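Engineer: Attaching a single structure in structure tokens format; questions to follow.
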Amino acid sequence: MAGFVDEAQLHVKAGDGGAGSVSFRREAHVPKGGPDGGDGGKGGDVWLEADPHVRTLLDCRERPQYRAGHGGAGQGSTKTGADGDDLVVHVPAGTVVKAAETGELLADLVRPGERFRVAKGGRGGRGNARFATATHQAPRRADPGEPGEELTIELELKLIADVGLVGLPNAGKSTLLSRVTRARPKIADYPFTTLEPNLGIVALDVERTFVMADLPGLIEGASDGKGLGLQFLRHVERTQVIVFLIDASAEDPAGTLALLEREIARYSPALAEKPRRVVLSKADLLPPEERADAAARLGLPDARVISAHTGLGMRELLEDVWSAIPPAAVGSAETDEGHAG
């Protein structure tokens with residue numbers, strides 16, 4: 001997807017622990033000072049952090065190797081070595097973390113500021129002062145530091161939006177988003193104008209706001225990866241309400257709805273159970289005398305008829321969508337206005 005990267009694979013390595021020290025006191029008039037070797041420092045951890053200012057996984061894709069700092073070696077006078085520096089990798093909120101080898105889910109970083117330690121630094125080795133006993137007063141033994149954890153992980157971004165606009169290419173999703181938010185997606189009269197997700201905040205009034213996502217057009221076979229396929233469907237998973245947007249001037253609007261519902265259900269039966277609204281868009285392209293009964297005449301009696309161009313039915317649609325969002329979910333999706341990338 002041009003400009004918008006929602007998958008990446010990283011190899012992460014936590015820091016090794018520092019080696020313990022073999023040292024003996026050297027004091028005037030004390031020819032045989034006791035052991036005073038300090039412990040090695042702990043290796044640094046590798047963390048992932050959901051950053052509200054990061055929108056894609058592009059940086060991770062371009063830099064796939066991450067390594068935290070090693071712990072410092074122990075020193076004489078029982079001085080412990082310095083701990084290695086932690087490394088924090090900033091990812092977008094909504095990033096899912098999996099172990100590349102097993103596919104095991106490790107973390108789902110939904111909230112901005114949420115952290116996950118993906119690799120733990122190794123412990124520092126013990127210095128020889130730790131091994132002194134009444135019967136062994138001059139040990140020359142010290143431990144090496146433990147190695148830090150190392151693994152390959154897969155990152156997958158699933159956008160966080162309250163409402164997802166779903167439709168065939170050129171159904172009017174981008175135009176709708178641009179009319180009800182300050183987002184400015186690319187709009188043109190040809191299929192696949194939208195190649196990457198766009199997010200916008202809809203403000204009905206001071207107290208009622210929600211996040212709407214304009215997603216790339218769905219085509220038949222998307223659940224099998226055709227077109228933008230899985231990249232598209234991944235970003236619908238977190239939405240609370242699905243709005244099926246269908247061109248009112250299309251040849252078979254009812255057939256189009258059936259296709260969209262089928263692809264959604266094949267990808268995720270749970271997703272198909274979410275609240276949904278059906279909308280006939282581009283009503284301004286219909287003859288004026290056909291607009292009033294367009295929904296029933298086109299075989300979608302429950303659909304709302306709108307025109308983002310003229311404003312027909314827009315306020316009523318937004319109120320209806322707001323009523324479908326579960327109260328506990330409102331406010332869970334927060335974003336800056338505009339492009340997700």
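The values are calculated or read from the model by the stated rules, or taken from the named source; none is laboratory data. From a predicted model like this one, the values you see are computed outputs, not experimental measurements. Positions of Cβ are generated from backbone atoms using ideal geometry, with glycine treated the same way; all protein chains shown enter the neighbour counts. To get the accessible areas, we keep the full protein, side chains included, count just its heavy atoms, and leave off ligands, DNA and RNA. Shrake-Rupley method; radii C 1.70, N 1.55, O 1.52, S 1.80 Å.
Engineer: Working carefully through the options Val54, Val96, find the one that is without any contact (Cβ under 8 Å) to a residue 40 or more places away in the chain and buried (at least 17 other Cβ atoms within 10 Å of the Cβ).
Structural biologist: Val54
Engineer: Out of the range 180-207, which residues are under 25 Å from the mean Cα position of the chain (by Cα), modelled with pLDDT of 85 or more and open to solvent by 50 Å² or more (accessible area, probe 1.4 Å)?
Structural biologist: Matches in the range 180-207: Ala203 only.
Engineer: Can you find, within the range 132-164, the residue that is farthest from Leu10 (Cα to Cα) among those that are open to solvent by less than 70 Å² (accessible area, probe 1.4 Å) and small (Gly, Ala, Ser)?
Structural biologist: By that ranking, first place goes to Ala138.
Engineer: Out of everything in the range 238-272 that is among the charged types (D, E, K, R) and closer than 30 Å to Leu109 by Cα, what residue ends up being least open to solvent (accessible area, probe 1.4 Å)? Give the derivation first.
Structural biologist: Restricting attention to the range 238-272, the residues satisfying the condition of being among the charged types (D, E, K, R) are 238, 247, 251-252, 261-263, 266.
Checking which are closer than 30 Å to Leu109 by Cα leaves us with 238, 261-263, 266.
Values: Arg238: 46, Glu261: 65, Arg262: 106, Glu263: 3, Arg266: 134 Å².
The residue in question is Glu263.
Engineer: Let me ask something else about it. Please go through (1) buried (at least 18 other Cβ atoms within 10 Å of the Cβ); (2) out of contact with any Pro (no Cβ under 7 Å at 6 or more places or on another chain) for Pro301 and return the number of the only condition it doesn't satisfy.
Structural biologist: So Pro301 meets the others, but not (1).
Engineer: Next question, about the same structure. So for the range 220-234 (the condition being open to solvent by 30 Å² or more (accessible area, probe 1.4 Å), modelled with pLDDT under 85 and part of a strand (DSSP E or B)), does at least one residue qualify?
Structural biologist: Within the range 220-234 (the criterion being open to solvent by 30 Å² or more (accessible area, probe 1.4 Å), modelled with pLDDT under 85 and part of a strand (DSSP E or B)), the answer is no, since none of the residues qualifies.
Engineer: Can you name the condition, by its number, that Gly38 falls short on among (1) at pLDDT 95 or above; (2) over 30 Å from Leu159 (Cα atoms); (3) touching an Asp or Glu at 6+ places or on another chain (Cβ under 7 Å)?
Structural biologist: (3)
Engineer: Against the condition touching a Gly at 6+ places or on another chain (Cβ under 7 Å) and of a type in the set (Val, Ile, Thr), how does Thr56 come out, does it pass?
Structural biologist: yes
Engineer: Out of curiosity, is Asp39 touching a Ser or Thr at 6+ places or on another chain (Cβ under 9 Å), in contact (Cβ under 8 Å) with a residue 40 or more places away in the chain and within 24 Å of Ala142 (Cβ to Cβ)?
Structural biologist: Here the answer is yes, as Asp39 does meet what is asked.
Engineer: Something else now. May I ask you to verify whether Val22 is open to solvent by 20 Å² or more (accessible area, probe 1.4 Å), in contact with a helix residue (DSSP H, G or I) (Cβ under 7 Å, 6 or more places away or on another chain) and among the β-branched types (Val, Ile, Thr)?
Structural biologist: yes
Engineer: When you scan the range 165-179, how many residues do you find that are assigned to a loop (DSSP other than H, G, I, E, B) and either at pLDDT 80 or above or surrounded by fewer than 23 Cβ atoms within 10 Å (Cβ to Cβ) (or both)? Quick ask: steps written out before the conclusion?
Structural biologist: Initial filter on the range 165-179 (assigned to a loop (DSSP other than H, G, I, E, B)): 167-172.
Within this subset, residues satisfying the condition of being either at pLDDT 80 or above or surrounded by fewer than 23 Cβ atoms within 10 Å (Cβ to Cβ) (or both) are 167-170.
Number of matching residues: 4.
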